[in-house]
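Let me begin by presenting the structure, written as structure tokens, before commenting on it.
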Amino acid sequence: MKVKLHRVLCAAAAMLFVSMFSALGVSAEQDTALPQEPEVSQVSGDTVKETEPLTADIKLSARKIYEGDTVKVSVNAQGDSGKYTYKCTAKNLVSGKTVFSEKSENPEFMVRFGKPENYLIKATVYDENGQKLTVEKNITICKALPFVEKGTAVDTSRALPGGTITVTANAAGGKKPYMYKYILKDSETGKVISSKNEMSPTAQFTIPEGEPKFYKIRTEITDMKNNIVSKTIEVASYKQDTAAMSVDGSRISERYVAVGKELTATIKAGGGTAPYKYKAFYKSETDRRWTECIPAYQYSSSVKVKLPKTEGKYRVKIAAIDLNGRYAEKELSVFVKEFTLDNSFLSSSKAYVGSVFNIVAVAQYANGPVKYRYCRREAGKEWEDAAGYTSTANQGMVFTKAGKYEIRIEAFDGSGNRAEKTFSVDAVEMDVSGSTADKTFAAIGEGVTISAAVKNNNGSAKYHYSYSTDGTNWKYMGDYITSPSYQFKFDSVGTYYIRVGVRDKNGDGIYKEKRFKVDIYDPNAKTTTAATVLQKDASWKGSALCAVPYGSKVIVIKTEGRWYYVKYNGKFGYIYNMALGTARNYSGITTSSLPAVADDILFTKGKAINTLFNYVNSMGYRSVGNSSLENLCVHILTYRCGACYHRAALLYYLLDRAGYDVVRVTDGIDMATGGSPHNWCIIKTANGWRHIDPTPVIGLPTMYLVTDGAISPYFSWNRTKYPACR
């Protein structure tokens, strides 16, 4: 309705103006300055389109930037406003120094970076609507690469007089762009024939007319920092002949050659115009340039080839030129190999005592006749020379006793190249193995069967079975028999040692035996007289497997000191013997009985840190002489009182025996009471190391599992000696 009313009013006004101008004799069509009715946008209700939010990002002209590079930083902004102002800064994040700052209406900035470190680029965009937006980008400037030559090459190593040769320069690193200089010289006189300075890495030379000869093309590459790398390549010109020429029938004396051995290339040239001249070259698989075997072409078709004394694959090029300079070549692969004994072998990996054992030497890639030496040594002893140097490639040895040995073959060829090969050998005698089917525990009356096996016996084995309660005095179960198994049964609890003795050669000769230990237990369950825990090991330091309530049934398998190894609810572990009602009758605590007394305390009190802390903290105070850890513990347990060093010693002893990581502070100072010596403990908890002081001091707070900050107002200590409590 508002739009329609507006149009009606505008139309009426227009008619009024027409009437007025008509009355004045002026045509409305003649007045070009008459204002036009503005176009009205169609909107829905009173809704106005919101300003589009300002967005921006940063782009760099290079993905990888090196020190000294100048990079274009472009800021791309978008929003309702079409006009922006930009500010760009760059800051070194290591030194904190701003290396660039500029404000402009141009969104592009040229920024130069110096040191190879981390930088922060920040761009702030301001639009004409008063909006402001800042974006950031972290970049890392790389260290400049060294300037090196990277394999400058020519498209051909020879051309006809008047022909062309193209050289392609190649370099890397440094500061681009590069400048290139190309020089063509006469190899014999050194005279410069042509020289070019180019921006292009490629240049072309025309080989001069005239007699065939050799030329050198030198390439010099210069970077923006005036660093220069160069390379010289030799090329040749030749005359074309109508007759076909080849060296296809040429050969080399060996394709696989020992290090240092000289080869002979026999060149057979055909076609072209005789006489011929010959030459040979070589290079490794990784080389680009050929190395001459002789300094100049020769008339002899037999050319000596001496390859480097380095193992590897090489290419040998055989070349010939005729009277007119016509050229032919052929390439062959040659493998230079180190003198080796790698294929040598033993007659067996196991030697039997008293039998001949053979070592066979196989030499490869030898340069001349080979001499061998055979040595052996028992593990941990010196080498023994079996027979001195010999030309025999086979050696027999006999071992007189069992053991682990090393056998070594040494060899030298005619050029003095050395090779060796070492073997490990077990010299074995008769061996007896066996098992009790992993039955290390058995109930009273339960059968325990030994099953024996014999290796390396010389003849038929016979077996002899016995048992002992102390491992020294043996009771035999009869004479030698042929059966490799025997069953034992025991009718009383205890630890038994059982064994099988074996002799070969029908009961004579070498004797070997195998022993086993079996714990015999009473299968009847016993009842616990106190609640306890089933420990993984015979120690309070071991992890607890489960709780064993009062009155539980356990089967005692064996005794280990003051611990029982038991079976409870299908689990095997240890319980402290007080859990089965074992009585204690200490007439006096001594350092030797201290471990048992401490275990009794841990059994009755438990392993909790606060329980043990309260137990020690509740004892009386008595200042007596300082002494060893054990004596301090004995004193406070005997008299139920002691000084700080007695209390710290006992708490440390109990916590350590319970399995905690704990240290004792023995050189502390109590600053709150005038600087007297003071002792306490530091224990590792789930929250880190903490101080724990079992000596209450009047007027001071309880120091139970506190940090360095909480205890330092009252006590001082050498912090470098003890864990930090933070």
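The values are calculated or read from the model by the stated rules, or taken from the named source; none is laboratory data. Treat the numbers as computed from the prediction; the structure is a model and nothing was measured. Methodologically, a virtual Cβ is constructed for each residue, glycine included, from the backbone with ideal geometry; neighbour enumeration extends over all protein chains shown. Surface areas here come from the heavy atoms of the whole protein model, side chains and all, with no ligands, DNA or RNA. Shrake-Rupley method; radii C 1.70, N 1.55, O 1.52, S 1.80 Å.
So that you can scan it fast, the table gives a plain yes or no per residue for (1) modelled with pLDDT of 90 or more; (2) surrounded by 14 or more Cβ atoms within 10 Å (Cβ to Cβ); (3) aromatic (F, W, Y); (4) farther than 30 Å from P212 by Cβ:
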site: Y126; (1), (2), (3), (4): yes, yes, yes, yes
site: Q131; (1), (2), (3), (4): no, yes, no, yes
site: E136; (1), (2), (3), (4): yes, no, no, yes
site: I141; (1), (2), (3), (4): yes, yes, no, yes
site: E149; (1), (2), (3), (4): yes, yes, no, no
site: T152; (1), (2), (3), (4): yes, yes, no, no
site: T156; (1), (2), (3), (4): no, no, no, no
site: T168; (1), (2), (3), (4): yes, yes, no, no
site: A171; (1), (2), (3), (4): yes, yes, no, yes
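Residue by residue, here is whether (1) of a type in the set (D, E, K, R); (2) over 44 Å from the mean Cα position of the chain (by Cα); (3) more than 22 Å from V697 (Cα to Cα) holds:
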| site | (1), (2), (3) |
| --- | --- |
| A596 | no, yes, yes |
| F613 | no, yes, no |
| S623 | no, yes, no |
| S628 | no, yes, yes |
| A643 | no, yes, no |
| Y653 | no, no, no |
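Could you tell me which numbered condition D537 fails, if it satisfies all but one of (1) crowded, with 16+ Cβ neighbours inside 10 Å; (2) in contact (Cβ under 8 Å) with a residue 24 or more places away in the chain; (3) within 46 Å of the chain's Cα centre (by Cα)?
Tallying (1) crowded, with 16+ Cβ neighbours inside 10 Å; (2) in contact (Cβ under 8 Å) with a residue 24 or more places away in the chain; (3) within 46 Å of the chain's Cα centre (by Cα), D537 fails exactly one: (1).
Which numbered condition trips up T604, out of (1) surrounded by 15 or more Cβ atoms within 10 Å (Cβ to Cβ); (2) farther than 25 Å from T720 by Cα; (3) free of Cβ contacts under 8 Å to residues at least 40 places away in the same chain?
The single condition T604 does not satisfy is (1).
When you check S349 against the structure, is it more than 30 Å from W290 (Cβ to Cβ), open to solvent by 70 Å² or more (accessible area, probe 1.4 Å) and out of contact with any Lys or Arg (no Cβ under 9 Å at 6 or more places or on another chain), yes or no? Please lay out each step first, then the result.
Values: more than 30 Å from W290 (Cβ to Cβ): yes; open to solvent by 70 Å² or more (accessible area, probe 1.4 Å): yes; out of contact with any Lys or Arg (no Cβ under 9 Å at 6 or more places or on another chain): yes.
Yes, satisfied.
Identify all residues within the range 91-114 that are under 34 Å from the mean Cα position of the chain (by Cα) and either closer than 14 Å to V71 by Cα or among the polar types (S, T, N, Q) (or both); write none if there are none.
Step one: filter the range 91-114 for residues under 34 Å from the mean Cα position of the chain (by Cα), giving 92-95, 114.
Residues satisfying the conditions are N92, S95, G114.
Report yes if some residue within the range 186-194 is open to solvent by 60 Å² or more (accessible area, probe 1.4 Å), touching a residue at least 24 places away in the same chain (Cβ under 8 Å) and not in a strand (DSSP E or B); otherwise report no. Don't jump to the end; show me each part of the working.
Within the range 186-194, the subset open to solvent by 60 Å² or more (accessible area, probe 1.4 Å) is 188-189, 191-193.
From the residues that got through so far, the ones that are touching a residue at least 24 places away in the same chain (Cβ under 8 Å) too are 188.
Among the residues that remain, those that are also not in a strand (DSSP E or B) are: 188.
Yes, some residue in the range 186-194 is open to solvent by 60 Å² or more (accessible area, probe 1.4 Å), touching a residue at least 24 places away in the same chain (Cβ under 8 Å) and not in a strand (DSSP E or B).
Of all residues in the range 293-338, which are closer than 19 Å to V257 by Cα and hydrophobic (A, V, I, L, M, F, W, C)?
C293, V303, V305, L307, V316, I318, L332, V334, F335, V336
From the residues in the range 425-438 that are surrounded by fewer than 16 Cβ atoms within 10 Å (Cβ to Cβ) and not in a strand (DSSP E or B), which one is farthest from the chain's Cα centre (by Cα)?
The qualifying residue farthest from the chain's Cα centre (by Cα) is A437.
Within the range 383-395, count every residue that is open to solvent by less than 40 Å² (accessible area, probe 1.4 Å), modelled with pLDDT of 90 or more and either basic (K, R) or over 14 Å from F345 (Cβ atoms) (or both).
Filtering the range 383-395 for residues open to solvent by less than 40 Å² (accessible area, probe 1.4 Å) gives 388, 390, 393, 395.
Among the residues that remain, those that are also modelled with pLDDT of 90 or more are: 390, 393, 395.
Among the residues that remain, those that are also either basic (K, R) or over 14 Å from F345 (Cβ atoms) (or both) are: 390.
The number of residues fulfilling the criteria is 1.
Looking at S391, is it closer than 28 Å to V257 by Cβ, touching a residue at least 12 places away in the same chain (Cβ under 8 Å) and over 40 Å from the mean Cα position of the chain (by Cα)?
The answer is yes for S391.
Specify the residue that is nearest to P484 (Cα to Cα); the eligible residues are those in the range 439-456 that are in contact with a Lys or Arg (Cβ under 8 Å, 6 or more places away or on another chain) and outside any strand (DSSP E or B).
G447
Could you tell me which residue of the range 54-101 is nearest to K225 (Cα to Cα), considering only residues that are of a type in the set (G, A, S) and assigned to a strand (DSSP E or B)? Talk me through it step by step, then tell me what you get.
In the first step, residues of the range 54-101 are kept if they are of a type in the set (G, A, S); the result is 56, 61-62, 68, 74, 77, 79, 81-82, 90, 95-96, 101.
Retained after the next criterion (residues that are assigned to a strand (DSSP E or B)): 56, 74, 77, 90, 101.
Details: A56: 37, S74: 27, A77: 37, A90: 25, S101: 27 Å.
Only one residue fits best here, namely A90.
One residue is enough: does the range 491-512 have a residue meeting the conditions among the basic types (K, R) and open to solvent by less than 60 Å² (accessible area, probe 1.4 Å)?
Taking the range 491-512 as the starting set, the residues that turn out to be among the basic types (K, R) are 499, 503, 505, 512.
With open to solvent by less than 60 Å² (accessible area, probe 1.4 Å) added as a condition, the list becomes 499.
Within the range 491-512, one or more residues are among the basic types (K, R) and open to solvent by less than 60 Å² (accessible area, probe 1.4 Å).
Could you please find all residues in the range 645-672 being part of a helix (DSSP H, G or I), open to solvent by less than 10 Å² (accessible area, probe 1.4 Å) and either under 22 Å from I711 (Cα atoms) or without any contact (Cβ under 8 Å) to a residue 24 or more places away in the chain (or both)? Lay out the reasoning, then the answer.
Initially, the range 645-672 is screened for residues part of a helix (DSSP H, G or I), giving 645-658, 671-672.
In the following step, the residues that additionally are open to solvent by less than 10 Å² (accessible area, probe 1.4 Å) were identified as 646-651, 654-655, 658.
Answer for the range 645-672, where residues must be part of a helix (DSSP H, G or I), open to solvent by less than 10 Å² (accessible area, probe 1.4 Å) and either under 22 Å from I711 (Cα atoms) or without any contact (Cβ under 8 Å) to a residue 24 or more places away in the chain (or both): H646, R647, A648, A649, L650, L651, L655.
Can you name every residue in the range 540-567 that is small (G, A, S), closer than 23 Å to R657 by Cα and in a loop (DSSP other than H, G, I, E, B)?
Of the range 540-567, the ones small (G, A, S) are 542-544, 547, 551-552, 561.
Remaining after also requiring closer than 23 Å to R657 by Cα: 542-544, 547, 561.
Those that are small (G, A, S), closer than 23 Å to R657 by Cα and in a loop (DSSP other than H, G, I, E, B): G542, S543, G561.
What are the pairs with Cβ atoms under 7 angstrom where one residue, in the range 577-595, is in contact (Cβ under 8 Å) with a residue 12 or more places away in the chain and the other, located anywhere, is among the polar types (S, T, N, Q) and not in a helix (DSSP H, G or I)? Sequence gap at least six, or different chains.
Pairs that qualify, where the first residue is in contact (Cβ under 8 Å) with a residue 12 or more places away in the chain and the partner is among the polar types (S, T, N, Q) and not in a helix (DSSP H, G or I), are A579/T528; A579/T529; A579/T532; L580/T528; L580/T529; G581/T529.
When you look at K115, is it open to solvent by 70 Å² or more (accessible area, probe 1.4 Å), in a loop (DSSP other than H, G, I, E, B) and among the basic types (K, R), yes or no? Steps first, answer last, please.
Numbers: open to solvent by 70 Å² or more (accessible area, probe 1.4 Å): yes; in a loop (DSSP other than H, G, I, E, B): yes; among the basic types (K, R): yes.
When the stated conditions are applied, K115 passes them.
Please go through (1) open to solvent by 30 Å² or more (accessible area, probe 1.4 Å); (2) in contact with a helix residue (DSSP H, G or I) (Cβ under 7 Å, 6 or more places away or on another chain); (3) not polar (S, T, N, Q) for Y639 and return the number of the only condition it doesn't satisfy.
Going through the list (1) open to solvent by 30 Å² or more (accessible area, probe 1.4 Å); (2) in contact with a helix residue (DSSP H, G or I) (Cβ under 7 Å, 6 or more places away or on another chain); (3) not polar (S, T, N, Q), Y639 breaks only (2).
Give the residues of the range 354-382 that are surrounded by 12 or more Cβ atoms within 10 Å (Cβ to Cβ) and in a loop (DSSP other than H, G, I, E, B), sorted by residue number.
We begin by selecting, within the range 354-382, every residue surrounded by 12 or more Cβ atoms within 10 Å (Cβ to Cβ); these are 354-355, 357-368, 370-378.
Hits for the range 354-382 are G354, S355, A361, V362, A363, Y365, A366, N367, G368, V370.
If you take the residues in the range 313-323 that are touching a strand residue (DSSP E or B) at 6+ places or on another chain (Cβ under 6 Å) and open to solvent by 30 Å² or more (accessible area, probe 1.4 Å), which one is nearest to A269 (Cα to Cα)?
I321
Within the range 193-218, track down each residue that is closer than 15 Å to S157 by Cβ and either of a type in the set (S, T, Y) or touching a helix residue (DSSP H, G or I) at 6+ places or on another chain (Cβ under 8 Å) (or both).
Y215
Out of G688, G675, I need the residue that is more than 20 Å from I609 (Cβ to Cβ) and of a type outside the set (S, T, Y). Which one?
Numbers: G688 fails: more than 20 Å from I609 (Cβ to Cβ).
It is G675.
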